[in-house]
1. Based on Cα positions only, what radius of gyration and what Dmax would you give for the stretch 564-605, in angstroms?
2. Quick query: amide H of K545 versus all other amide H atoms, modeled in the peptide plane; which residues come in under 5 Å with a sequence gap of 5 or more or a different chain?
3. For each pair in K534/K646; K274/K701; K393/K516; K316/K390, compute the distance between the two Cα atoms and list the pairs where it is over 20 Å.
4. Tell me, in nm to one decimal, what length is gained between H620 and S188 on full extension, where the rule is 0.36 nm per residue of separation less the Cα-Cα distance?
5. Toward the positive end of the charge dipole of the stretch 651-744, about the Cα centre and with charges on Cβ (Lys, Arg +1; Asp, Glu -1), which of T739, Q657, S689 goes farthest?
6. Show me, for the stretch 768-774, the HN-Hα J-couplings you get by feeding each phi into the Karplus relation (A = 6.51, B = -1.76, C = 1.60, θ = phi - 60°), rounded to Hz, glycine and proline as x.
7. Does the stretch 574-627 come out rounded, prolate or oblate by the C-alpha gyration tensor, with a ≥ b ≥ c the root eigenvalues, rounded set by a/c under 1.5 and, if not, prolate when a/b is larger than b/c and oblate if not?
8. For the pairs K498/K713; K396/K546; K498/K597, note any where the Cα-Cα span goes beyond 29 Å.
Amino acid sequence: GGGAMAAQGQVLLQKAKSTPLPPIRRGASAPPTASGGAGGGGGAAAQAAGGSSGEGGASSSSAKRPPRPPGDARPPAPGDARRPVSAQEPALSSRRPAAAGPPARGGEERRSRSLPPLAEGPGRGAAAAAAELRRRTASPSTPRGEGAVTSGGSAPSRPPRRASSGLGVGSKPSASAAGASAAPLPASGLAAELEAWKKRRGFPPEARVFMLTGAFPGIRNALVAKGWAENEDRVSSLWDLKYALLQRDVGEQADLQESQVTNYFARNSEVTSKVGLCNTLSNSMNLDRVNVDCFYPRCFDMNNPTQVEMFAEDFKLTTAACIVRRFVDQADAPGARERSFPREALKVALEVCRRRCLDVDATLDEATRPAMEDEEWEALALCSLKTPGKRLKPWKGAGGSSSSTAGAKAKSAAASAPAAAAARGGAGAGGGEDAASDDGEDVEEGAAAGGGDGEERTFARTTGEEALVSAAREVLEQLRAQHVQLDLDGYQNIWVLKPAGKSRGRGIQLSARLEKILDVSVGRGAEARWIAQKYIENPLIVNSKKFDMRQWVVVTRWNPLSVWFYSDCYVRFSFADYDPSKLKNKFAHLTNNSISKYAEDYSEECADETMWHSDDLAAHLAGLNIVRDGRKVEDPWLELVQPAMKRAVHHSLECAQDNINPRANSFELFGYDFMIAEDLTVWLLEVNSSPDLSYSTATTKALVKNMLEDMMKVIVDVEKFGLKRDRPRRKWNSAKLDTGRYVLLEPARRRREEKFPKLKKDAAQLAVHGTSIKPRRPKKGECPNGPDAEDDPRHSAIALLADAAARRAELGEEENQAAGDRGAGACEDNDDGESDEGGESDGAG
């Protein structure tokens with residue numbers, strides 16, 4: 001093999017000597033000129049130059065450019081100005097011999113054999129190029145660096161340069177080339193290459209090299225001010241720190257050196273994707289310190305059949321709770337008799353909520369039953385939560401049938417009862433085809449669900465009705481005490497459908513119909529994955545607008561967990577006024593700037609009006625005169641809102657701590673989206689990777705610039721990324737560090753966990769050694785009744801269960817006797833001619 005390679009190299013060397021080679025350029029190439037003239041292989045030279053140095057410049061291995069005429073001066077490339085040309089280096093035109101006629105085939109054969117381009121940098125003529133080619137095609141036994149000659153004379157050789165895809169140092173790669181990584185260099189080779197790179201460009205040896213793939217002027221300015229040098233070759237592997245816009249620009253992390261710093265963690269989708277965050281938080285319910293329901297609205301992965309069933313059950317239970325809540329809140333309102341739910345639906349909803357409030361121990365001895373029976377759901381399925389007293393149109397889906405086959409079983413299991421109720425109701429046939437009825441529009445001529453002549457939905461506040469209202473209020477208080485998300489359920493039971501593979505608000509839908517949610521999101525496959533998240537129906541409204549907040553967070557370590565929280569954030573307002581009754585108006589429910597700009601009356605002048613600084617929101621909250629525990633809250637932002645945001649951030653990352661690859665020299669910037677409810681409860685909506693850092697408004701222009709500069713203080717000055725291999729250990733809870741507006745969450749915990757010794761390599765082989773212990777026989781007098789005596793009835797489980805059953809039987813007999821006495825009394829009242837209009841025998845149920 002070595003001999004064949006040497007022979008092939010000699011053939012190529014002879015061809016290279018007989019063929020004038022094109023110059024090896026950096027940066028921009030000459031503009032296309034007329035064909036013909038001097039310089040064989042002009043098309044190959046244009047390809048090796050790497051195309052334009054502009055933002056959109058892209059190189060192409062197949063594009064050919066005509067050769068340059070003799071004497072045509074090459075325009076200076078952007079990279080040439082960075083390195084002064086020495087006096088020993090001849091001019092470029094003098095180093096290239098003139099030749100006439102068509103271009104020779106030297107460049108074409110080099111491309112056809114897929115050889116890497118020659119070494120970069122000016123000052124390398126044909127002799128140097130031939131020496132470079134001889135070194136590359138030499139036998140493997142040839143000593144490294146043999147034959148390396150530079151224009152300035154002999155010099156020690158440097159390690160072979162990696163293939164750069166034909167791109168110069170000053171050029172911009174194409175989109176496809178930017179994501180491709182070069183072959184990884186060994187640690188020693190990378191250090192030598194970096195030293196040579198800095199020497200060629202006149203940087204001191206102690207300088208650190210960074211690379212940016214994206215427009216981050218704040219990061220560039222901060223690093224340059226700290227003495228770092230920038231490598232503009234986006235596909236080069238010569239860098240100490242690389243800040244990439246997209247994760248694919250970093251390449252495979254397994255190919256990186258341990259000393260190289262990147263701004264992404266592997267498997268970060270466990271917290272940054274919608275499905276990943278949903279599953280990560282739902283699977284972390286067993287953490288003692290984390291109660292996910294306190295900061296994350298209920299969310300379900302609609303591609304998981306188990307979670308689909310859980311969602312259908314949650315939707316039905318929430319419907320019952322919404323009915324009871326609206327009935328209680330509007331019981332004393334004027335006109336409540338005309339706007340109430342049917343009596344049968346109220347009783348069913350009240351019974352379902354009462355059963356939901358039962359303690360687990362109270363149901364251990366009972367037979368297992370679903371949270372809501374099919375018969376109970378039939379009574380509630382077509383009740384309009386938007387307009388009590390009206391009925392919903394039967395659902396037929398798009399085209400009158402379900403659009404998916406894979407989710408047919410899940411849909412039939414969750415929606416069979418409402419379909420049966422619609423078939424029995426018969427009213428409003430074909431209403432499901434109306435686009436306006438998808439989200440719960442009502443049939444105006446229909447009577448209240450439950451049938452009858454309409455009298456059933458009117459309420460005279462008789463003794464029975466007073467008892468019903470009292471029982472509903474009691475059950476509602478029990479629900480509020482046990483379920484922390486009851487207040488965000490609202491009156492309409494609205495849910496948000498989010499496509500897992502989209503961002504910036506694209507594809508989001510709102511719906512209050514179980515059938516529509518299942519039809520849209522179930523059975524679409526992994527390529528069209530959806531999540532269903534509970535919509536926050538009690539948001540805090542500012543100037544008739546709904547809003548959310550974008551919070552920046554930097555994670556520098558996962559074990560121990562090190563989270564840096566930026567003290568400022570910005571607030572995004574919806575473009576249209578908030579109206580929960582109009583679910584199709586996305587400009588009233590979504591706050592993304594990418595959505596608002598498509599509104600009819602949107603203009604660039606009003607873009608600044610859709611964003612606030614967090615200081616503006618803090619001033620607004622301070623003017624609300626909020627009272628907690630009998631005292632006025634002076635600064636609700638610092639006392640209530642921001643601490644809740646910090647807890648949610650740390651808890652969410654704590655849940656994902658074991659799922660993300662904890663690379664030592666990686667950090668990442670996350671964008672958290674929060675919403676504040678009217679009671680100032682903070683809810684986490686989602687987490688974004690590579691959050692938007694554009695200067696879209698005056699608010700973000702100032703915030704983003706300051707945030708990036710402060711982030712570099714944390715990354716370089718405090719955490720020592722790029723300077724040290726391991727993160728420093730400090731007294732984090734008492735150290736005085738310049739981190740700008742960033743603060744470390746739970747510093748005492750990080751300091752405590754950093755003191756733990758590292759696990760040894762043989763930690764997996766731990767074993768417990770000891771001797772067995774034989775139980776001794778009881779001594780005389782220790783067991784008066786003998787070692788085999790029966791258990792004490794006071795502590796026997798069988799005896800206790802038997803006693804409990806006897807007590808339940810006695811209580812049942814007493815209740816039956818009391819019911820008989822009440823029935824006899826009612827009969828005596830009826831004999832006297834008195835009646836209770838509209839009353840029922842069971843009173844409050």
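The values are calculated or read from the model by the stated rules, or taken from the named source; none is laboratory data. Keep in mind that what you see is a predicted model, and the values were worked out from it rather than measured. Methodologically, a virtual Cβ is constructed for each residue, glycine included, from the backbone with ideal geometry; neighbour enumeration extends over all protein chains shown. When the accessible area is computed, the model is the full protein with side chains, heavy atoms only, and any ligands, DNA or RNA have been set aside. Shrake-Rupley method; radii C 1.70, N 1.55, O 1.52, S 1.80 Å.
1. 12.8, 40
2. Y578
3. Details: K534/K646 22 Å; K274/K701 27 Å; K393/K516 12 Å; K316/K390 18 Å.
From the list (K534/K646; K274/K701; K393/K516; K316/K390), the Cα-Cα distance tops 20 Å for K534/K646; K274/K701.
4. Numbers: separation 432, 0.36 × 432 = 155.52 nm, distance 5.76 nm.
Contour length minus Cα-Cα distance gives 149.8 nm.
5. My answer, from the dipole projection, is T739.
6. Coupling constants for the stretch 768-774: 9, 10, x, 10, 6, 10, 8 Hz.
7. Working: a/c = 3.13, a/b = 1.48, b/c = 2.11.
Judged from the Cα gyration tensor, the stretch 574-627 comes out oblate (a/c at least 1.5, b/c at or above a/b).
8. Numbers: K498/K713 36 Å; K396/K546 33 Å; K498/K597 20 Å.
Result: K498/K713; K396/K546 exceed 29 Å.
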